[in-house]
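I have placed the structure first, in the form of structure tokens, so that the comments after it can refer back to it.
Read-outs: derived from the displayed coordinates by stated rules, not from any lab. A quick note: this is a predicted structure, and the numbers were derived from the prediction, not measured. No Cβ is skipped: glycine too gets one built from the backbone with ideal geometry, and neighbour counts run over all protein chains shown.
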Amino acid sequence: MAGNMSQPRATVRLDGREIAAPLRQHTAAAVAALRQRGVVPSLAVVRVGDDAASQIYVGAKLKAAAALGIVALEHHLPAADSQGAVESLVAALAGDDGIDGILVQLPLPRHLDVEGVLAQVPASKDVDGFGLHSLGALAAGAPGLRPCTPAGVMRILEHWAAERGEHLAGKRALVIGRSRIVGKPVALLLLAADCTVTIAHSRSVDLAALVAEADIVVAAAGSPRLIRGSWLRPGSVVIDVGIHRLSDGSLCGDVDTEGAQGVAGAITPVPGGVGPLTIAQLMANTVAACEARRA
Ligand code: NAD
């Protein structure tokens with residue numbers, strides 16, 4: 001029937017929990033193998049101050065570690081602690097042979113210099129992948145621990161491409177956001193996957209036109225429902241990294257998910273999209289760091 005040609009196609013929901021399951025199983029098997037040899041992977045989480053969101057994120061990470069048999073210990077410092085106190089703790093963890101991964105939960109209180117604190121984390125234990133060495137290795141295409149959220153975004157995209165019997169190579173990818181922890185590393189990973197990459201940021205002109213050209217949209221602007229469904233190229237895949245709590249208590253992302261229905265080919269939900277991959281990747285990085293140091 002000719003009329004069916006214009007029927008919008010259903011938008012696939014890219015369920016992060018489902019997509020993360022094989023990675024979690026792989027990590028659990030690697031932990032079991034290490035434990036059989038008497039090696040217990042361990043993660044140290046440093047949290048400074050009482051940021052409510054950080055408390056929730058750290059709680060989720062500790063729970064995920066425990067479920068996989070990774071020992072994770074939280075070091076919680078008072079918000080008023082000095083640069084020297086925080087750096088000393090991280091340096092002590094760096095020198096502790098029993099610790100495989102160190103995660104400094106961001107944001108840090110404003111009086112602290114993030115760069116100085118992160119500089120205390122050696123590349124071999126940089127399971128968040130935010131350190132200068134790790135980011136440099138990513139930019140150079142050298143081996144190293146990759147940042148968790150960007151690596152999680154790539155796992156979702158690889159899953160999407162594999163389901164369709166396609167490749168990411170040659171696809172036009174738009175990354176919205178250029179932060180150190182999401183936008184820039186995602187763009188580098190997409191480039192490594194042979195996508196043609198555009199990076200949009202707060203000074204970009206005509207975001208709608210850039211979105212309309214993209215086969216892949218990774219939204220990491222940190223702005224609730226910034227990207228309208230009507231901007232999207234029909235059939236595109238949309239990875240919504242943003243997460244925002246609205247005044248009614250509900251959560252939303254950077255994309256107008258409802259407006260994207262029937263336009264996007266596939267989209268990640270918020271919550272339950274990128275978040276589960278971020279945590280699963282952190283656990284995988286911790287085990288990889290353990291294997292590399294203690295194999
Ligand atoms: P950020 O504030 O550091 O960076 C936002 C970037 O978006 C900046 O580079 C800015 O130039 C760009 N931007 C802002 N407004 C824009 C606009 N109108 N058009 C185009 N670009 C614009 O944020 P971030 O740390 O990269 O995080 C982005 C979002 O992702 C936040 O909502 C954050 O909560 C979320 N996040 C989620 C996870 C997860 O695991 N799901 C992990 C990290 C961050």
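A Gaussian network model of the chain, with springs between Cα atoms under 10 Å, assigns the largest mean-square fluctuation among ALA53, ALA200, ALA192 to ALA53. Shown in residue order for segment 85-96 are the 3J(HN,Hα) couplings computed by the Karplus curve 6.51 cos²θ - 1.76 cosθ + 1.60 at θ = phi - 60°: 5, 5, 5, 5, 4, 5, 5, 5, 5, 4, x, 7 Hz (x for Gly and Pro).
Note down the net charge around ALA94, summing +1 for each Lys or Arg and -1 for each Asp or Glu among other residues with Cβ under 13 Å from its Cβ. It would help to have the intermediate numbers written out before the result.
On the way: positive: LYS125, ARG293; negative: GLU87, ASP96, ASP97, ASP100, ASP126.
Here the charged neighbours net out to -3.
Over all other residues within a Cβ to Cβ distance under 14 Å of GLY229, the charged ones net out to 0, with Lys and Arg as +1 and Asp and Glu as -1.
Using R0 = 22 Å, the C-beta based FRET efficiency linking ALA192 and ALA162 works out to 0.80.
Taking amide H atoms as placed 1.01 Å from N in the peptide plane, the amide H of GLY49 lies under 5 Å from those of LEU77, ALA79, each 5 or more residues away in sequence or on another chain. Working note: Cα atoms of segment 18-89, range along each principal axis, descending, whole Å: 41, 30, 13.
Using unit Cβ charges (K, R positive; D, E negative) and no other charged atoms, how large, in debye to the nearest 20, is the dipole of the chain about its Cα centre? Please list the in-between numbers first.
Numbers: 26 positive and 27 negative charges, 89 e Å.
It works out to roughly 420 debye.
Taking amide H as placed 1.01 Å from N in the peptide plane, the amide H of SER179 sits under 5 Å from that of LYS184, each at least 5 places away or on another chain.
So how much slack lies between SER88 and HIS26, counting 0.36 nm per residue of separation and subtracting their Cα-Cα distance, in nm?
18.9 nm
Assign unit charges at the C-beta atoms only (+1 for Lys and Arg, -1 for Asp and Glu), then state the dipole size of segment 28-151 relative to its Cα centre in Debye, rounded to the nearest 20.
It works out to roughly 500 debye.
For the chain, adding -39500 (n - 2.57) for each run of n ≥ 4 DSSP H residues and dividing by the number of residues yields -13000 deg cm²/dmol at 222 nm. Excluding residues on the same chain fewer than 8 positions from LYS184, give the lysines whose Cα lies under 26 Å from its Cα. Correct list for LYS184: LYS61, LYS125, LYS171. A Cβ-based charge dipole, computed about the Cα centre of segment 97-233 with Lys and Arg at +1 and Asp and Glu at -1, lands at about 500 debye.
Residues with amide H under 5 Å of THR196's amide H, sequence separation 5 or more or different chain, H placed in the peptide plane at 1.01 Å from N; which? Amide H to amide H, under 5 Å and 5 or more residues apart or across chains, THR196 pairs with GLY170, LYS171, ARG172, ALA173. Toward the positive end of the charge dipole of the chain, about the Cα centre and with charges on Cβ (Lys, Arg +1; Asp, Glu -1), which of ALA173, GLY144, LEU251 goes farthest? The one lying farthest along the dipole's positive direction is ALA173.
Here the Karplus relation 6.51 cos²θ - 1.76 cosθ + 1.60, evaluated at θ = phi - 60°, turns the backbone of segment 143-158 into coupling constants of x, x, 6, 9, x, 5, 5, x, 5, x, 4, 5, 5, 5, 5, 5 Hz, with x for every Gly and Pro. Along the axis of the charge dipole computed for segment 27-107 (Cβ charges of +1 for Lys and Arg, -1 for Asp and Glu, origin at the Cα centre), the listed residues LEU103, LEU62, LEU77 are led at the positive end by LEU62.
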